[in-house]
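The values are calculated or read from the model by the stated rules, or taken from the named source; none is laboratory data. Remember, predicted model here, so these are calculated numbers, not experimental data. Glycine gets a Cβ as well: all are built from the backbone with ideal geometry, and neighbour counts include every protein chain shown. Each accessible area value is taken on the protein alone, full model and side chains, heavy atoms only, with ligands, DNA and RNA left out. Shrake-Rupley method; radii C 1.70, N 1.55, O 1.52, S 1.80 Å.
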Amino acid sequence: NERLRNSETQLLDSNKELQAFIYKASHDLKGPLVSAQSLVELARHETDPQTAAEYLSMIDVSLQKLDNILFSLHELSVVRQGTLSIVKTDAAAMIKKIISEFRGYLTYDKIRFTVEDKLQGDFYTDEILFQTILRNLVENSIKYSKPDEADSFVNIVLSGEDRRHVIRITDNGIGIPDGFHEKIFDVFVRATDSAKGSGLGLYIVKNAVVKLKGTIEVSNRAGGRGSVFTISFPLTY
């Protein structure tokens, strides 16, 4: 019957996605590992202390890349395998706390953050998944901001629309090139060569949103450069 065919199609798609995921994860993990191993070999035979110190710094960068990928893989595992724990949440307060966690970023103080709460009624969510979604989206807005902009901003508005809770994140950063708006949620896709990180962030976000029975869309900011991420969630679960 049709339900069985749909299940078979979903299973085949999941298997293809898993195969692609394993291949890309192996490739992305191997790159910084091979780099670190090569640098260790060079440093082992280096007699100049300054050059050896430079090698150590480069090794540290490679190991940090590995750590970022492994953390993202762990985060994805939690998102996909964990069970939902829906509780009443102060969404605006949680978002403000998430924003404050990025104070260590060099561009943080050059960005104007605003959080506007227009929610009507209580907000229910799984707090771990909700934090995962917002942390990745806020971090992206900071990473791809334009700090030389006279007014660099990240605006987050929480509201109720069409019997759904809606969170809209708007920034005036470098934006997302045309043709990438759908692809950025695929596994290991980076929309720009200046991207840093594992390439898993928005894939994790999409998985978390779907698990919360929500939707997520991205568009260009009207009237200027930048991006708008719009997420909607059910009022109740």
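Inside segment 202-231, can you point out the residues that are open to solvent by 60 Å² or more (accessible area, probe 1.4 Å), in a helix (DSSP H, G or I) and either out of contact with any helix residue (DSSP H, G or I) (no Cβ under 8 Å at 6 or more places or on another chain) or touching a residue at least 24 places away in the same chain (Cβ under 8 Å) (or both)?
VAL210
Of GLN131, GLN120, which residue is at pLDDT 85 or above, under 18 Å from the mean Cα position of the chain (by Cα), surrounded by fewer than 21 Cβ atoms within 10 Å (Cβ to Cβ) and not hydroxyl-bearing (Ser, Thr, Tyr)? Let's see the steps before the verdict.
On the way: GLN120 fails: under 18 Å from the mean Cα position of the chain (by Cα).
Checking each option against the conditions leaves just GLN131.
Name the single residue that is farthest from the chain's Cα centre (by Cα) among those in segment 166-196 being on the phi > 0 side of the Ramachandran plot and modelled with pLDDT under 75. So that I can check it myself, show each step before the final result.
Narrowing segment 166-196 to residues on the phi > 0 side of the Ramachandran plot: 175, 179, 188.
Going one step further and asking which of them are modelled with pLDDT under 75, we end up with 179, 188.
Details: GLY179: 19, PHE188: 11 Å.
Among those residues, the one meeting the criterion is GLY179.
Give me the residue from segment 8-44 that is basic (Lys, Arg) and exposed (fewer than 14 other Cβ atoms within 10 Å of the Cβ) and, out of that set, modelled with the highest pLDDT. Walk me through it before giving the result.
Filtering segment 8-44 for residues basic (Lys, Arg) gives 16, 24, 30, 44.
Then drop every residue that is not exposed (fewer than 14 other Cβ atoms within 10 Å of the Cβ), which leaves 16, 30, 44.
Details: LYS16: 62, LYS30: 78, ARG44: 88.
Ranking the candidates gives ARG44 first.
Does LYS143 qualify as being within 21 Å of LEU202 (Cα to Cα), basic (Lys, Arg) and either touching a strand residue (DSSP E or B) at 6+ places or on another chain (Cβ under 8 Å) or open to solvent by 50 Å² or more (accessible area, probe 1.4 Å) (or both)?
Numbers: within 21 Å of LEU202 (Cα to Cα): yes; basic (Lys, Arg): yes; either touching a strand residue (DSSP E or B) at 6+ places or on another chain (Cβ under 8 Å) or open to solvent by 50 Å² or more (accessible area, probe 1.4 Å) (or both): yes.
In short, yes.
I'd like the residue in segment 65-88 that is open to solvent by 90 Å² or more (accessible area, probe 1.4 Å) and under 22 Å from the mean Cα position of the chain (by Cα) and, out of all such residues, is farthest from LEU119 (Cα to Cα). Break it down into steps so the answer makes sense when it comes.
Initially, segment 65-88 is screened for residues open to solvent by 90 Å² or more (accessible area, probe 1.4 Å), giving 65, 70-71, 74, 80-81, 83, 88.
If we keep only those that are under 22 Å from the mean Cα position of the chain (by Cα) as well, we get 65, 70-71, 74, 80-81, 83.
On the way: LYS65: 38, LEU70: 36, PHE71: 32, HIS74: 32, ARG80: 28, GLN81: 30, THR83: 26 Å.
That would be LYS65.
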